[in-house]
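Structure record follows, encoded as structure tokens.
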Amino acid sequence: MEALFYVIPLLMITLAVFGAVGVVRRSRRVSSAWNSGLTAEGRCLRTYATTSGGGDTMVSTTLHHVYEFTTREGRTVRFEEPNGPGTVLEGDIVTVHYTADHPEQATAHAPARGKLAAGTGCVLVFLGVFIAFCIGFMLVVHEMFTAADDFLSP
């Protein structure tokens, strides 16, 4: 029974670490695309929205865009990007930032390094506090079980 109080927080910590790795990877990809200096004229092919939540929870809507552009080498690349601006509609021309090595990891977001760093930092701080809470919970539970064993032992 007491193993449950260790296993569940460890699983939550594992998920938080995977989330942090994903956030850092996404941030590095976007930053690399901005820093590469390679841009192309892209076209928005499609926009759509997804929703999550409902019932007793808050509903969240995410706007997605599907873009297509041609690299300097003549390769046509299509990619999808969430959280795009609501002002970009199907058929609009946008500036796409990409790297020569991985043009499929392009972004149509305008360079905003401070905003990217702040957003990434806030998510990492939140996940760090979450992990610290899980570790603290495990320590408190460990102390409770240790004290209960000492109390019950003759």
field: Table column - 3J(HN,Hα) (Hz), region 98-106, Karplus curve with 6.51, -1.76, 1.60, x for Gly and Pro
entry: 8, 9, 5, 6, 9, x, 6, 9, 6
task: Note the angle between two axes, namely the Cα long axis of helix 4-36 and the longest principal axis of the Cα atoms of the chain, as a number of degrees from 0 to 90, rounded to the nearest 10.
output: 20 degrees
- prompt: Pairing the Cα long axis of helix 113-152 with the longest principal axis of the chain, what angle in degrees results, from 0 to 90 and rounded to the nearest 10?
  reply: 20 degrees
query: Okay, which of region 65-92 sit inside 12 Å, backbone N to the point 7 Å along the Cα-Cβ direction of Glu41?
result: 70
- request: Scan around Gly84 for amide H atoms under 5 Å from its own, H built in the peptide plane at 1.01 Å from N, and keep only partners 5 or more places away or cross-chain.
  value: Leu63, His65
query: What list of ³J(HN,Hα) values in whole Hz, one per residue of region 62-76 in order, does the Karplus curve 6.51 cos²θ - 1.76 cosθ + 1.60 (θ = phi - 60°) give from phi, with Gly and Pro shown as x?
result: 10, 8, 10, 10, 10, 10, 9, 8, 10, 6, 5, 7, x, 7, 8
- prompt: Over all distinct alpha-carbon pairs, what is the Kirkwood Rh of the chain in angstrom?
  reply: 18.9 Å
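Quick note: the coordinates plus some simple rules give every number you see, no bench work behind them. On a predicted model such as this, the values are computed, not experimentally measured, just so you know. No Cβ is skipped: glycine too gets one built from the backbone with ideal geometry, and neighbour counts run over all protein chains shown.
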